[in-house]
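Colleague: Please see the structure below; I have some questions.
Nothing in this text is a laboratory measurement; each read-out follows from the coordinates by a stated rule. Computed from a prediction, not measured in an experiment: that's the story for all the values here. Heads up, the Cβs are rebuilt from the backbone with ideal geometry, glycines too, and the neighbour counts pull from every protein chain shown.
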Amino acid sequence: MGGQMTATSMTFRFAVLVAATFALASCQSGSKAPSQPTGKSAALRSMEQVATAAHKCWFASKDPAFRSYQMANELNNFGGTPRFLLVPARNYGAKPLLVVQATGNSSRVDVFGPLMGDALGSRISSDIARWQSGNPACSASA
């Protein structure tokens, strides 16, 4: 009887070992590499690049053309649309004068708002297009 308990005990241990091995193997087999990189969306990566350049070139450099505005960064908003806004410098809660955003898995950046119809509109368009293409320069000639 003692030998039979040992055989039963060994069979049980073997069954547990096989089950554990199967469970571990099934966990690992489901971890195939995704076809697209995980983490940041194309929209967020593109907007981070554009927002960093806009902050550096328009605000940190104290560009006089942008002195009347401040940047409201909303890159990690809950709506899933990374963007930044330009609002009046002394009224952070005012309606945005410029919206720069990208949506979904696209790296295309959309720019709109009252400032686009102003004298600054063409400069804003060329700056955003340059930064979106990966050129972080503050001016087209740089």
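Colleague: 7 Å from Cα along Cα→Cβ at both Ala119 and Asn91: what's the point-to-point distance in nm?
Modeller: 2.1 nm
Colleague: Neighbouring Cβ atoms within 10 Å as the yardstick, rank Leu86, Leu75 fewest first. List each step's numbers first, then the result.
Modeller: Values: Leu86 24, Leu75 18.
Starting with the residue having the fewest Cβ neighbours, the order is Leu75, Leu86.
Colleague: Taking the simple approach of a point 7 Å from Cα along Cα-to-Cβ for both Ser133 and Ala42, what is their distance in nm?
Modeller: It is 1.9 nm.
Colleague: Quick one: net charge around Ser46, please, counting Lys, Arg +1 and Asp, Glu -1 for every other residue with C-beta under 14 Å from its C-beta.
Modeller: +3
Colleague: OK, next. Among Arg130, Arg108, what is the fewest-to-most ranking by other Cβ atoms within 10 Å?
Modeller: Ordered from fewest to most neighbouring Cβ atoms within 10 Å, Arg130, Arg108 come out as Arg108, Arg130.
Colleague: Multiply the residue gap between Ser106 and Asn73 by 0.36 nm, knock off their C-alpha separation, and tell me the result in nm, one decimal place.
Modeller: 10.0 nm
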